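What follows is a short report on a single structure.
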Amino acid sequence: MGGNMAFEEIRSGNVENIMLWRESLSVMPDSHFFGLLRMYLGEIKTPYNKQNLIENLSSFLRKEDTKETIISLLSREDLELLTAIHLIPKVTQKKLMDFFPKKSFSSLYEHLMNLEERLLIFRYIDKETRKTQFKINPHLMEKLKPYLTKEKIISYSVEFEQNNISQEKSLLSPEVIAAFVAFVVENPDLIKADGA
């Protein structure tokens, strides 16, 4: 563990996710990393130390007013996507595309990038699957948890075309979606690393 890690982070039991978040920042391309840090910390003076800059960003995110401001700017679509990221185990962009079939690849990608720039999520390479996965920023998790409920993703109905001759539209009920989400949450190894 890094010597600069705050006691609050250690006490929260979230050390593994915080270390993963820090690692994801440290391996970002420099242009992306410094652009992100300038947005939140202002101009960066040289010489710089990436680990110290990440610690400064962590300190910024630990502030209560920072967390409240970030959360106050969430839209319904943000909460739906954040809830899916929170509830779907080892969530990848492909899994999110499957979960939100009405979203185009480009709109989902843009939305994920937007959430990443707003420090709500981060991406990392899973050591087992070697795939890029997403997680909620551990600094914001406790504040976000009350908003990341199954109701956020079942409060609307998903329309889809039936494969019958009449081509009538039907609605997938919120109860069916809730049952599906509950099943996925209770069976995290439902989707195997090889895609089976």
How do M39, M97, M28 stack up against each other in accessible area, from largest to smallest, with a 1.4 angstrom probe? M39, M97, M28
Using only protein heavy atoms and a 1.4 Å probe, report how much of K150 is accessible, in Å² to the nearest 10. 80
Hey, what's the range 1-151 come to in accessible area per residue, 1.4 Å probe, Å²? 55
Suppose accessible area is computed on protein heavy atoms with a 1.4 Å probe; arrange R62, R38, R76 from highest to lowest. R76, R38, R62
Need one value: the accessible area of D30 in square angstrom, 1.4 angstrom probe, rounded to the nearest 10. 80
May I ask you to derive the relative contact order of the range 24-127, considering only C-alpha pairs under 8 Å and at least 6 residues apart, and to give it as an integer percent? 24
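The values are calculated or read from the model by the stated rules, or taken from the named source; none is laboratory data. Just so we're clear, the structure is a prediction, and the values are computed from it rather than from any experiment. Heads up: the accessible areas ignore ligands, DNA and RNA and are worked out on the full protein's heavy atoms, side chains in. Shrake-Rupley method; radii C 1.70, N 1.55, O 1.52, S 1.80 Å.
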